[in-house]
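One structure is given here, and the rest of the page talks about it.
Values quoted throughout were computed directly from the atomic coordinates according to the rules given, and no laboratory measurement underlies them. This one's a predicted model, so the numbers in the text were calculated from it and none came from an experiment. FYI the Cβ positions are ideal-geometry reconstructions off the backbone, even for glycines, and counts take in every protein chain you see.
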Amino acid sequence: MSRYVVTGGAGFIGSALVRALLAEGSGEVVVVDNFATGRPENLHGLNGRIEIHRADVRCYQEIEPLLRRADVVFHLAAIPSVPRSIEDPVPSHETNIDGTFHVLRAAAAGGVRRVVYAASSSAYGGSEALPKRETMPPEPKSPYAVQKLTGEYYAAVFASCFGLETVSLRYFNVYGPRQDPSSPYSGVISIFMRCLLERRPPTIFGDGEQSRDFTFVEDVVDITLRAARAPGVSGRMYNAGAGGRHTLNAVWRTLQQIEGIALPAVYGPPRPGDVRHSQADITAAARDLGYSPRFSLEEGLRRTLEWYRSNRRPS
Ligand code: UD1
């Protein structure tokens, strides 16, 4: 029986990964989360099928015993958001850099076979060339991007210096069910969903012509599981995107069409630290991990919208 540990397992992506691991039925699943941004309700219905530990990756002593002898550690615990890392850089620095170091150190000490690390497309930052290839030099534009990139470097060095298998995945703007729309730092699609269902116009920062490779959470879960198992990839980093590119204006237009309403967006000033365009080249992930995204943006948006419609909480 394999033992899988998911740090950040009560988060939006982590809880989707936990469900996929349970659906496979190939091992025990352990959630490590401090419930700062993760939420117990994301694990609703899984009681008795998973181990849940409230622990903080910033504290080595707390996490070291939990990671011991795991087959795979999926390290998804993080404080996300580019603007949050600018407004309040200390917590995200401590969680995203120190926490990642502690997870890698505990995994190496505890005989873990492989760590899959959730890196970020923000590492490409200001560079203009599209689509983004793994071989392009990083140009981080925010503390968040620096933090996530530092984690990647640490993951690679733990593979080369400490004999720990690691794989980093640069997630590209993930969206889907259970993404929390309630904070100003929430992912834009979750905010759009809430606005749509409440018939309020969203605020788009800048002209709305910035673009993102919005990636449905089920595709991200799929590549994450592949990264845990693929042979010969330790120490490497891969883009984990859908491979497309959509402007915010186009996404909001599509959502209005799906819902059959007209609700023009409001426009505000551009957001500091914002990247203009982002799109993944997924050739390497297809070649080495056998990854092929299954969800078009429209299909992913429809599924996500249905989830928010059925699970809406009062704002
Ligand atoms: C960045 C990373 C992403 C990472 C995420 C973690 C890039 C290209 N992507 O996402 O991989 O997972 O951080 O937090 O760096 N916006 C609005 N109105 C809103 C909210 C956002 O217009 O109410 C705009 C933002 O200015 C931005 C876009 O929507 O242009 C996407 O923002 P967001 O969802 O916060 O993600 P990124 O910062 O792109």
Inset, instruction - With θ set to phi - 60°, apply the Karplus curve 6.51 cos²θ - 1.76 cosθ + 1.60 along region 210-215 and write out the HN-Hα couplings as whole Hz, x wherever there is a Gly or Pro. - result: 5, 10, 9, 8, 5, 10
Inset, instruction - Evaluate the Debye formula for the chain with equal point scatterers sitting on the alpha carbons, no solvent, and hand back log10 of I(q)/I(0) at q = 0.10, 0.13, 0.14, 0.15 Å⁻¹, in q order, two decimals. - result: -0.52, -0.91, -1.06, -1.23
Inset, instruction - Compare the Cα positions of Thr150, Tyr124, Gly163 along the charge dipole of region 109-172 (+1 at Cβ of Lys, Arg; -1 at Cβ of Asp, Glu; about the Cα centre) and return the one farthest towards the positive end. - result: Gly163
Legend entry - Highest average packing first - 50-57, 280-287, 71-78, Cβ atoms within 10 Å: 71-78, 280-287, 50-57
Inset, instruction - Using the Karplus curve 6.51 cos²θ - 1.76 cosθ + 1.60 with θ = phi - 60°, work out ³J(HN,Hα) for each residue of region 112-120 in order, rounded to whole Hz, and write x for Gly and Pro. - result: 5, 6, 8, 10, 9, 10, 7, 8, 9
Inset, instruction - Using 0.36 nm per residue of separation minus the Cα-Cα distance, give me the extension gain between Ala286 and Leu22 in nm, one decimal. - result: 92.6 nm
Inset, instruction - List the relative contact order of region 1-59 as a percent without decimals, with contacts defined as Cα pairs under 8 Å and 6+ residues apart. - result: 38
Inset, instruction - Could you calculate the contour length gain from Asn249 to Glu198, that is, 0.36 nm times the residue separation minus the distance between their Cα atoms, to one decimal place in nm? - result: 16.5 nm
Inset, instruction - Express the relative contact order of region 92-153 as a whole percentage, based on alpha carbon pairs under 8 Å and six or more residues apart in sequence. - result: 44
Legend entry - Loop-resident sites, region 112-210, for GluC sites (Glu not before Pro), counting at most 12 other Cβ within 10 Å (DSSP): Glu128, Glu209
